[in-house]
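One structure is given here, and the rest of the page talks about it.
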Amino acid sequence: MNRQIYLDNAATTQMSEAVRQEMEPYLAENFGNASTSYAIGTEAKAAVTKVRELIAETLHAKPDEIYFTSCGSESDNWAVKGIAGAYKTKGRHIITSAIEHHAVLNSCEYLQKLGYRVTYLKPDGNGIIAPEEVRQAICADTTLISVMFANNEVGTIEPVTQIGKLAKERQIIFHTDAVQAYAQIPISAAQMPFDLLSASAHKFHGPKGVGFLYIREGTQIPSFIHGGGQEGGRRAGTENVAGIVGMGKAAELAFKNMRSRMQRETMLRNYLMERVMHEIPEVRINGHRTKRLPGNISFSFRGVEGSALLILLEEDQICASGGSACNTGESRISYVIEALDVPEEYAPGTVRLTLSGETTKEEIDAAVESLKRNVDRLRN
Ligand code: PLP
């Protein structure tokens, strides 16, 4: 085995060649500032406008509901801190889940230091946040509910439509972190009751350093970055034109073949799951069996140290992850795995494999063989 087998697409994806080619002119001759009025500036502005329209279409939203940001973390920070600030006279209570990405969790922690109350809902054993738990947590002063669309570590897809409906009934703003879900599974702002949604280009074969926040028309939210009048005066900073163009191309490609890619990834993921379950003893699947992202699978092997297993996988040229990339290097059990109450003999042996549209059956077979050999080696 000498070619690298990349099974860590939840950490980041390889930028596609078509995306790189689309960006190239904006890194060279089309370098204009989108806020200027001469040709290279207006061309840049036209390119940004086109992507705003395209992204809006993919989400069944309006173009002026799409705000470009520098990453998913910025989108999450803006949504959580922005809404908390905008509605602080109404109340200072926020509901979120214990398995959010740190961009949401640490924003909430920051707000707690400013005097806000935050309820962190625990998921069930499959990583699902029950709408009923959300309903019970709502207080008279709740202003924001933030629950992710799909979890980055275990792939579970959350019941965001039901949670959003509960929020609407009580006039509470609902934000969903869709960094792992956007461009992987269908999402509709026309049909789903979220007010804000975060996404990030590098998770769907776009460039790093660019993302967006969807803000439903009529939602009160202050600027996160103060300065010039870009993004309708709501997010200052000279536009990352090349990045935005790259994100647009990546979204276009992702949506073009989404159905067939979802089917293929689901089939390969189920094949991987079945082989591991049948061929390696004492293993658990983390997250919901079916309500999960097509390309995500998380295993916990009994009596194995996950970090040691990752090193052995890497010797076989296989890139995987122990939890989220932000947690690698830490030997402690991930907070998501802890929140799912994975038994202590299994929890340290957690490995996440995440597929892309490019993943092949041969790569999955090689990963299974490596897992079999190396789990056995570590157990002995
Ligand atoms: N939210 C989720 C669910 C994620 O998985 C990530 C990245 O892993 C982020 C937010 C942060 O996105 P970014 O890397 O673009 O800042």
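The values are calculated or read from the model by the stated rules, or taken from the named source; none is laboratory data. Predicted model, so just to flag it, every value in this text is computed and none were measured. Methodologically, a virtual Cβ is constructed for each residue, glycine included, from the backbone with ideal geometry; neighbour enumeration extends over all protein chains shown. Surface accessibility is based on the protein's heavy atoms, side chains included, excluding ligands, DNA and RNA. Shrake-Rupley method; radii C 1.70, N 1.55, O 1.52, S 1.80 Å.
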Query raised in the report: If you scan the stretch 351-362, which residues turn out to be crowded, with 22+ Cβ neighbours inside 10 Å and more than 19 Å from the chain's Cα centre (by Cα)?
Result: 359
Requested in this report: Kindly indicate the residue of the stretch 17-30 that is away from the ligand (no atom under 16 Å from the Cβ), at pLDDT 95 or above and surrounded by 12 or more Cβ atoms within 10 Å (Cβ to Cβ) and also nearest to residue 243 (Cα to Cα) among those meeting that condition.
Outcome: 23
Report summary line: Of 352, 332, 284, 292, the only residue that is among the charged types (D, E, K, R), under 30 Å from residue 104 (Cα atoms) and in contact with a Gly (Cβ under 6 Å, 6 or more places away or on another chain) is 292
Report summary line: Of (1) over 27 Å from residue 189 (Cβ atoms); (2) open to solvent by 80 Å² or more (accessible area, probe 1.4 Å), residue 33 fails just (2)
Report summary line: Counting only residues that are open to solvent by 10 Å² or more (accessible area, probe 1.4 Å) and within 23 Å of residue 8 (Cα to Cα), the stretch 159-186 contains a total of 5
**Report entry** Residue ID - farthest from residue 376 (Cα to Cα), chosen from residues in the stretch 313-347 that are in a helix (DSSP H, G or I) and at pLDDT below 95
**Finding:** 326
**Report entry** Matching residues in the stretch 282-299 - criterion: being under 15 Å from residue 125 (Cβ atoms) and of a type outside the set (Gly, Ala, Ser)
**Finding:** 284, 285, 286, 288, 289, 290, 291, 292
Query - Test result for residue 100, in contact with a strand residue (DSSP E or B) (Cβ under 9 Å, 6 or more places away or on another chain) and open to solvent by 10 Å² or more (accessible area, probe 1.4 Å) - result: no
Query raised in the report: In the stretch 62-97, which residues are open to solvent by less than 20 Å² (accessible area, probe 1.4 Å) and more than 21 Å from residue 182 (Cα to Cα)?
Result: 82, 83, 84, 91, 93, 94, 95
Report summary line: By residue number, the members of the stretch 182-209 that are of a type in the set (A, V, I, L, M), closer than 24 Å to residue 84 by Cα and within 14 Å of the ligand (Cβ to nearest atom) are 196, 197, 199
Report task. Scan the stretch 33-65 for residues that are of a type outside the set (D, E, K, R), more than 16 Å from the ligand (Cβ to nearest atom) and either touching a residue at least 40 places away in the same chain (Cβ under 8 Å) or not assigned by TED's automatic domain parsing to the domain that holds residue 215 (or both) and jot them down. Result -> 33, 34, 35, 44, 47, 48, 51, 54, 58, 59, 60, 61
